[in-house]
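Undergrad: One structure follows; several queries about it will come next.
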Amino acid sequence: MPNRYDGSWTIIAITAQGPCATRTRYQVRIKDSDASVPGREVEIDGGVSSTGSVQATITSGANRVPISGSLDVRGSGNGTWHTSGGLVTCTGRWSAQRAG
């Protein structure tokens with residue numbers, strides 16, 4: 001079911017602790033509450049609720065990154081993330097801006 005958060009979003013992930021990249025930018029597409037990262041081999045389990053709550057796990061190979069946070073109807077959002085599994089442990093925060 002389509003929701004008001006559908007569309008393109010620019011996500012900036014900032015690492016607070018651990019050896020992960022300091023700052024990473026992603027273009028995320030939300031459609032019918034499900035998120036995807038076009039052009040990247042990642043799987044996203046979860047998405048955005050009709051109230052803007054974000055709960056998902058991003059998986060790439062052995063690396064899993066649970067994320068949580070929220071988006072607002074004005075076109076911005078933020079939250080936290082951490083790695084789970086894989087070889088490194090990192091934590092951080094993310095911010096979002098509607099891209100289109």
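Undergrad: Under a point-charge model restricted to the Cβ atoms of Lys and Arg (+1) and Asp and Glu (-1), what is the dipole moment magnitude of the chain relative to its Cα centre, in debye to the nearest 20?
TA: The calculation lands at about 340 debye.
Undergrad: Let me check I have the definition right: for the chain, take the eigenvalues of the Cα gyration tensor, multiply each by 5, take square roots. What are those semi-axes in whole Å, largest first?
TA: Semi-axis lengths for the chain are 22, 14, 12 Å.
Undergrad: Same structure, new question: With 10 angstrom as the radius, rank Ser33, Ser84 by how many other C-beta atoms surround their C-beta, starting from the fewest.
TA: Ordered from fewest to most neighbouring Cβ atoms within 10 Å, Ser33, Ser84 come out as Ser84, Ser33.
FYI, it's all coordinate maths here, none of it is from the lab. Quantities reported herein were computed from a predicted structural model and do not represent experimental measurements. With ideal geometry, Cβ positions are generated from the backbone for all residues, glycine too; neighbour counts draw on all protein chains shown.
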